[in-house]
């Protein structure tokens, strides 16, 4: 349907979702499945009709996401997410840098762990990532605040992931700055990770955000680096501290010469620009040794350490610092 508004011609389209009804279908279930089918119609280009079909994987995904969103909102309300710390280990001999990535996990109302891909898929689809990122920032800083003296003396760094939705939030910068000030955690102990694709898609906004927090002393890591076709070209525009090499190159680096060549190239460029490099998904000793030979600075993966509860790590830090004082 087209109509005129002033000198402009506007078009209205309709997306229709249809749910089958039978004697056992409740009103709530019918509305839910019809809404899912309508959302699927929008996903497939709008101005179309979609019939709810349990065999349609995209519809099934929406159905799962919709029910998972309720779990996420309940967990947010109850402050019941779990924070893990995953060590990022220096590969150079004798290096003692302490570097950890903060990971988020969630359990459903029955206590079962929700898979991370499903969790983040639902959160992104329903625009919940800004709330989740704020929760992670606030709770991570609150827990690190108990170890301020240790952070200052050790130089330990904790990396927090930020989503593209959060970078599009105009208030997120003020929120982070206020949380850092309130916690008393040194800015130099915090690193924020953003994916290359997110940084590229909102370049100006991302760089303004990065510049503001780097001035305070925070560090930034460009995650999944190398996944984009123009990675090196964009690298000249971004002022970051660390490149996290895309895991697709690390998983098969021992068997794939192209992957090895890409990692070598990224490492060489990083050294010229005085940037650190991190390799994720380091699952074997052979991969670890090869990365060390290439000159990658840090490794992360099961070959060097598995993630564990942040509380356990902080308790261990406290125990170690006390014993060293004795």
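Of the helices (runs of 4 or more DSSP H) lying entirely inside the range 77-171, the ones with 2 or more residues being within 20 Å of residue 311 (Cβ to Cβ) and touching a strand residue (DSSP E or B) at 6+ places or on another chain (Cβ under 9 Å) are found at 129-144.
Keeping to the range 217-235, report how many residues are in contact with a helix residue (DSSP H, G or I) (Cβ under 8 Å, 6 or more places away or on another chain) and at pLDDT below 95.
So the first thing to find is which residues in the range 217-235 are in contact with a helix residue (DSSP H, G or I) (Cβ under 8 Å, 6 or more places away or on another chain), and the list is 217-220, 222-228, 230-232, 234-235.
Of the ones still in play, those that are also at pLDDT below 95 are 222-228, 230-232, 234-235.
Of the residues in the range 217-235, 12 are in contact with a helix residue (DSSP H, G or I) (Cβ under 8 Å, 6 or more places away or on another chain) and at pLDDT below 95.
Does residue 75 meet the test of being surrounded by 12 or more Cβ atoms within 10 Å (Cβ to Cβ) and under 22 Å from residue 314 (Cβ atoms)? Spell out how you get there, then give the answer.
Values: surrounded by 12 or more Cβ atoms within 10 Å (Cβ to Cβ): yes; under 22 Å from residue 314 (Cβ atoms): yes.
The answer is yes for residue 75.
When residue 139 is tested against (1) at pLDDT 95 or above; (2) more than 30 Å from residue 90 (Cα to Cα), only condition (2) is not met. Applying the set (1) in a helix (DSSP H, G or I); (2) closer than 28 Å to residue 305 by Cα to residue 232 leaves exactly one unmet item: (2). Is there a residue being in the same structural domain as residue 198 (by TED's automatic domain parsing), within 19 Å of residue 87 (Cα to Cα) and out of contact with any strand residue (DSSP E or B) (no Cβ under 6 Å at 6 or more places or on another chain) anywhere in the range 235-245? No, every residue in the range 235-245 fails to be in the same structural domain as residue 198 (by TED's automatic domain parsing), within 19 Å of residue 87 (Cα to Cα) and out of contact with any strand residue (DSSP E or B) (no Cβ under 6 Å at 6 or more places or on another chain). Test residue 196 against the stated conditions and say whether it is buried (at least 19 other Cβ atoms within 10 Å of the Cβ) and at pLDDT below 90. For residue 196, the condition - buried (at least 19 other Cβ atoms within 10 Å of the Cβ) and at pLDDT below 90 - is met.
Would you check if there is a residue in the range 2-16 being modelled with pLDDT of 85 or more, more than 26 Å from residue 193 (Cβ to Cβ) and out of contact with any helix residue (DSSP H, G or I) (no Cβ under 7 Å at 6 or more places or on another chain)? First the steps, then the outcome.
Pass one, the range 2-16, residues modelled with pLDDT of 85 or more: 14-16.
Okay, now just the ones that are also more than 26 Å from residue 193 (Cβ to Cβ), so 14-16.
Still in the running and out of contact with any helix residue (DSSP H, G or I) (no Cβ under 7 Å at 6 or more places or on another chain): 14.
Yes, the range 2-16 contains a residue that is modelled with pLDDT of 85 or more, more than 26 Å from residue 193 (Cβ to Cβ) and out of contact with any helix residue (DSSP H, G or I) (no Cβ under 7 Å at 6 or more places or on another chain).
Across the range 32-47, a minimum of one residue is classified as surrounded by fewer than 16 Cβ atoms within 10 Å (Cβ to Cβ), in a loop (DSSP other than H, G, I, E, B) and modelled with pLDDT of 80 or more.
Of all residues in the range 199-212, those being touching a strand residue (DSSP E or B) at 6+ places or on another chain (Cβ under 9 Å) and modelled with pLDDT under 85 number 1. When the residues of the range 78-95 are filtered to those that are out of contact with any helix residue (DSSP H, G or I) (no Cβ under 9 Å at 6 or more places or on another chain) and at pLDDT below 90, the one that is surrounded by the most Cβ atoms within 10 Å (Cβ to Cβ) is 95. Summed over the range 248-261, residues that are under 12 Å from residue 296 (Cβ atoms) and outside any loop (DSSP other than H, G, I, E, B) total 3. Whenever a residue of the range 258-280 is free of Cβ contacts under 8 Å to residues at least 12 places away in the same chain and on the phi < 0 side of the Ramachandran plot, its partners that are part of a helix (DSSP H, G or I) and buried (at least 20 other Cβ atoms within 10 Å of the Cβ), lying with C-beta atoms within less than 6 angstrom and at least six residues away or across chains, give the pairs 259/249.
Confirm whether residue 185 is farther than 20 Å from residue 276 by Cα, touching a residue at least 40 places away in the same chain (Cβ under 8 Å) and outside any helix (DSSP H, G or I).
On the way: farther than 20 Å from residue 276 by Cα: yes; touching a residue at least 40 places away in the same chain (Cβ under 8 Å): yes; outside any helix (DSSP H, G or I): yes.
So residue 185 fits the description; yes.
The values are calculated or read from the model by the stated rules, or taken from the named source; none is laboratory data. Treat the numbers as computed from the prediction; the structure is a model and nothing was measured. Because the Cβ atoms are built from the backbone with ideal geometry, glycine has one as well, and the counts that use them run over all protein chains shown.
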